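Every number here is computed from the coordinates shown, using simple stated rules; none is lab data. Everything numeric in this text was worked out from a predicted model, so none of it was measured. All Cβ positions, glycine included, derive from the backbone under ideal geometry; neighbour counts span all protein chains shown.
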Amino acid sequence: MFLLLHLLISSGLNGQWQHTAPLANSEYVYCLTQTVVAQQSSITYYQYAGTDKGGFISDNYGDSWTQFKNGLSASDPSILSIAAKGLEIYSGGYGGIYISTNGGGLWTPMADYSRGFIGAGVTSIAYNGALLMAATSSSGFYITTDKGNSWQAMNTGFPSPPPWIYSLITVNRSNVLYFYAATGNGVYVSPNNGTNWYKAGTGIPESTIINSICAMNNIFLAGTANGLYRSADWGATWGKVAGAPVYSFSSFVVYGKYIFGGTSYGVYISSDGGNTWNSITGNIPTNASNIMSVAVLGNYLLAGTYQGGVWRRPLAGLVSNEKKGIEIPSGYALEQNYPNPFNPSTEIRYSIPALGDNSGLQHVIIKVYDILGREAARVVDEYQSPGVYSVRFNGGNLSSGIYFYILEAGKESFVKKMILLK
């Protein structure tokens with residue numbers, strides 16, 4: 001019985017990876033992401049890989065890839081980062097920032113000196129509504145609110161010159177959006193859209209290079225060249241993780257209660273908030289085990305490598321069916337906020353089911369409108385896996401009155417009324 005149990009565990013942690021279709025001999029897979037496109041009565045999921053040879057797109061999770069670089073920099077088409085929303089795709093690399101409005105078929109530059117952007121090596125792109133953010137390797141952090149017509153450097157609080165920003169994440173804390181930057185001089189945080197940056201807590205040695213960062217609720221992980229640091233208080237205090245491999249963590253992806261980490265020596269998984277890790281590198285060969293990017297796309301875990309393209313394996317056998325400790329709901333639902341009436345904050349609960357084709361992530365939006373139909377707030381705007389969610393809306397900057405909150409996910413939309421009384 002012990003031998004059988006050992007074999008079952010070993011097969012689960014060291015299962016078979018599949019080498020996906022070749023990426024035109026590309027070896028550097030910097031980033032992986034997915035977008036959802038609704039056209040007429042169908043929904044299509046597109047996967048993107050950013051590489052040193054430009055971008056690649058797939059609609060079958062890597063069974064086949066199509067290269068795109070039409071309009072990208074001819075001298076350096078590298079794509080280090082991609083942000084995707086429907087057919088609107090943003091890419092960043094050593095050639096600057098580009099936008100495509102047709103899913104990647106044609107690219108147009110959207111950041112140059114004439115628009116106030118002097119950065120090079122765009123390592124991370126993120127967006128929140130009309131706000132587009134770009135982190136660079138040479139000149140810090142930039143934002144634009146007009147799709148690149150004008151850019152503003154936001155480096156107050158960084159050393160001079162600004163450190164290399166390796167990755168950027170956004171975290172919603174009590175309805176306030178915080179930016180966290182993994183830099184060549186530790187972790188920095190901004191609570192005000194990048195207007196001011198502060199060193200995020202204590203416990204990480206000074207001048208430590210942070211290659212990657214992730215957040216799972218209040219738990220944060222910061223990957224360095226020689227191991228992992230963890231915080232359980234939103235980044236206020238950090239400690240080195242004794243149960244983590246002493247490798248360079250280059251990327252993370254959070255999936256329910258699980259965290260996957262891409263390292264210089266393979267792929268690892270944690271199910272306890274990053275305290276302990278197990279290798280799931282399996283059959284990825286040694287010469288392709290330097291993992292540059294990891295992503296959960298559909299029912300697959302994908303790994304982009306330094307010398308071997310993209311590898312994938314099914315999530316089945318790696319994770320249980322539970323998400324956030326709650327069973328996957330059978331349908332969409334938007335519950336009545338509580339309390340209602342409220343002052344100034346209230347909780348909104350909603351449910352996202354698994355799609356019939358098991359496509360994984362869905363684009364979920366929750367907006368708040370006033371009685372005149374004007375958008376007052378955007379509470380959620382991100383891709384989420386199936387599960388039951390709760391988000392807190394703070395109406396402290398709004399006047400008393402009747403408001404409507406709308407859930408949009410997949411092809412469905414739901415609306416409920418709430419009352420703010422001050």
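At a glance:
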read-out: Cα pair distances in segment 40-177, grouped into 10 Å bins until the bin that holds the longest one, percent each; value: 12, 42, 33, 12, 2, 0
read-out: Those GluC sites (Glu not before Pro) in segment 329-422 that DSSP places in a loop and that have at most 10 other beta carbons within 10 Å; value: none
read-out: Ranked Cys31, Cys214, criterion: other C-beta atoms within 10 Å, fewest first; value: Cys214, Cys31
read-out: Binned Cα-Cα distances of segment 205-258, short to long, each 5 Å bin given as a whole percent; value: 5, 20, 31, 29, 13, 1, 0
read-out: Among Ile209, Gly274, Ile291 the positive-end extreme of the charge dipole of segment 174-319 (Cβ point charges); value: Ile291
read-out: Added length on full extension, which subtracts the Cα-Cα distance from 0.36 nm per residue, Ala232 to Asn299; value: 21.2 nm
read-out: Least to most buried among Leu87, Leu168 (fewest other Cβ within 10 Å first); value: Leu87, Leu168
read-out: Exposure proxy order (Cβ contacts within 10 Å, fewest to most) of Tyr300, Tyr268; value: Tyr300, Tyr268
read-out: Cβ charges +1 (Lys, Arg) and -1 (Asp, Glu), total dipole of segment 13-314, debye; value: 300
read-out: Within straight-line cross-link reach of Lys416, aspartates and glutamates at Cα separation under 20 Å, skipping those fewer than 8 residues along the same chain; value: Glu335, Glu347, Asp370, Glu375, Asp381, Glu408
read-out: Options Thr33, Leu80, Ile169, ranked by Cα towards positive dipole end of segment 13-314, top entry (Cβ charges); value: Ile169
read-out: Relative contact order for the chain, counting Cα pairs under 8 Å that sit 6 or more residues apart, in percent; value: 11
read-out: When segment 139-220 is reduced to its Cα atoms, the Kirkwood hydrodynamic radius in Å; value: 13.2
read-out: Histogram of C-alpha separations across segment 13-314, 10 Å bin width, %; value: 6, 29, 36, 24, 4, 0
read-out: Entries of Lys147/Lys417; Lys53/Lys257; Lys199/Lys257; Lys85/Lys367; Lys85/Lys417; Lys69/Lys147 with Cα pairs more than 23 Å apart; value: Lys147/Lys417; Lys53/Lys257; Lys199/Lys257; Lys85/Lys417
read-out: Relative contact order [Cα under 8 Å, 6+ residues apart], segment 64-161, whole percent; value: 20
